[in-house]
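Scroll down for the structure; my scribbles are underneath it.
The values are calculated or read from the model by the stated rules, or taken from the named source; none is laboratory data. If you're wondering where the values come from, they're calculated on a predicted model, not measured in any experiment. Please note: Cβ atoms are built from the backbone with ideal geometry, for glycine as well, and neighbour counts cover all protein chains shown. Surface accessibility is based on the protein's heavy atoms, side chains included, excluding ligands, DNA and RNA. Shrake-Rupley method; radii C 1.70, N 1.55, O 1.52, S 1.80 Å.
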Amino acid sequence: MFACIGIANDGVSVKTPDIETATLLIDAGRAERAPYFHKSWVRLPWNHVDAAEFGDRLRISYEIVFSSLPKKVQRAIAEGADTADPS
(Lines give C-alpha, C1' and ligand atoms only; values in the text may rest on other atoms or scores of the structure.)
Protein backbone atom coordinates (compact mmCIF):
# COMPACT_ATOMS: atom_id res chain seq x y z
CA MET A 1 0.00 0.00 0.00
CA PHE A 2 1.43 3.36 -0.99
CA ALA A 3 -1.63 5.58 -0.52
CA CYS A 4 -4.78 5.45 1.56
CA ILE A 5 -8.02 7.41 1.50
CA GLY A 6 -9.92 7.22 4.76
CA ILE A 7 -13.64 6.90 5.30
CA ALA A 8 -13.98 10.69 5.74
CA ASN A 9 -12.58 11.16 2.18
CA ASP A 10 -11.01 14.50 3.10
CA GLY A 11 -7.50 13.67 1.91
CA VAL A 12 -5.03 10.94 1.06
CA SER A 13 -2.24 9.54 3.21
CA VAL A 14 1.11 8.84 1.55
CA LYS A 15 4.56 7.68 2.63
CA THR A 16 7.49 10.10 2.67
CA PRO A 17 11.17 9.12 2.52
CA ASP A 18 11.66 9.71 6.25
CA ILE A 19 10.26 11.29 9.41
CA GLU A 20 12.22 14.50 8.77
CA THR A 21 10.53 15.02 5.38
CA ALA A 22 7.13 14.36 6.92
CA THR A 23 7.85 16.89 9.67
CA LEU A 24 8.95 19.51 7.12
CA LEU A 25 5.75 19.04 5.10
CA ILE A 26 3.62 19.30 8.24
CA ASP A 27 5.49 22.37 9.54
CA ALA A 28 5.16 24.06 6.12
CA GLY A 29 1.40 23.49 6.17
CA ARG A 30 1.51 21.23 3.08
CA ALA A 31 0.40 18.13 4.96
CA GLU A 32 -0.98 16.86 8.26
CA ARG A 33 0.02 13.97 10.50
CA ALA A 34 -1.55 10.81 9.06
CA PRO A 35 -3.57 9.25 11.88
CA TYR A 36 -2.90 5.56 12.57
CA PHE A 37 0.24 5.52 10.36
CA HIS A 38 3.97 5.63 11.07
CA LYS A 39 5.46 9.12 11.49
CA SER A 40 6.92 8.95 7.98
CA TRP A 41 3.37 9.06 6.54
CA VAL A 42 1.45 12.30 5.99
CA ARG A 43 -2.12 13.14 5.04
CA LEU A 44 -2.58 15.50 2.13
CA PRO A 45 -5.91 17.31 2.51
CA TRP A 46 -7.69 17.70 -0.83
CA ASN A 47 -8.00 21.48 -0.40
CA HIS A 48 -4.33 22.14 0.56
CA VAL A 49 -2.43 20.48 -2.29
CA ASP A 50 -2.33 21.35 -5.98
CA ALA A 51 -2.47 18.64 -8.64
CA ALA A 52 1.27 18.73 -9.43
CA GLU A 53 2.33 18.32 -5.80
CA PHE A 54 -0.31 15.66 -5.27
CA GLY A 55 1.06 13.70 -8.25
CA ASP A 56 4.64 14.07 -7.02
CA ARG A 57 3.76 12.85 -3.51
CA LEU A 58 1.89 9.83 -4.90
CA ARG A 59 4.80 8.96 -7.21
CA ILE A 60 7.37 9.28 -4.41
CA SER A 61 5.24 7.15 -2.08
CA TYR A 62 4.84 4.48 -4.77
CA GLU A 63 8.58 4.42 -5.48
CA ILE A 64 9.43 4.07 -1.77
CA VAL A 65 7.05 1.18 -1.27
CA PHE A 66 7.90 -0.48 -4.61
CA SER A 67 11.64 -0.38 -3.85
CA SER A 68 11.08 -2.25 -0.58
CA LEU A 69 9.35 -5.17 -2.30
CA PRO A 70 11.27 -8.36 -3.09
CA LYS A 71 12.86 -8.29 -6.56
CA LYS A 72 10.63 -11.15 -7.71
CA VAL A 73 7.52 -9.14 -6.84
CA GLN A 74 8.96 -6.02 -8.51
CA ARG A 75 9.51 -8.02 -11.72
CA ALA A 76 5.99 -9.44 -11.60
CA ILE A 77 4.51 -5.97 -11.25
CA ALA A 78 6.70 -4.62 -14.05
CA GLU A 79 5.74 -7.52 -16.33
CA GLY A 80 2.07 -7.01 -15.53
CA ALA A 81 2.37 -3.31 -16.40
CA ASP A 82 4.05 -4.20 -19.71
CA THR A 83 1.25 -6.56 -20.70
CA ALA A 84 -1.70 -4.49 -19.43
CA ASP A 85 -4.41 -3.90 -22.00
CA PRO A 86 -4.89 -0.12 -22.32
CA SER A 87 -8.46 -0.43 -23.62
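Taking 27 Å as the straight-line reach from the Cα of Lys39, the lysines in range (excluding those fewer than 8 positions away in the same chain) are Lys15, Lys71.
Within 10 Å, count the other beta carbons around each residue, average over each peptide in 47-59, 31-43, and list them highest first.
Highest to lowest by the protection proxy: 31-43, 47-59.
Only helices enter the 222 nm calculation for the chain: every DSSP H run of n ≥ 4 contributes -39,500 (n - 2.57), and dividing by all residues gives -14000 deg cm²/dmol, rounded to 500.
Among residues other than Arg30 whose Cβ falls under 13 Å from its Cβ, what is the net charge (Lys/Arg +1, Asp/Glu -1)? So the surrounding residues net to -2.
So if the hydrodynamic radius of the range 1-63 is defined as the Kirkwood radius over C-alpha pairs, what does Stokes-Einstein give as its diffusion coefficient at 4 °C and 1.567 mPa s, in µm² per second?
Numbers: Rh = 11.3 Å.
The calculation lands on 115 µm²/s.
For the pair Asn47 and Ala76, label points projected 7 Å from Cα toward Cβ lie 4.2 nm apart.
With each label modelled as a point 7 angstrom along the Cα→C-beta vector, the Leu24-Ile60 pair spans 0.7 nm. When the surface is traced with a 1.4 Å probe over the full set of protein chains, Val12 keeps roughly 10 Å² accessible.
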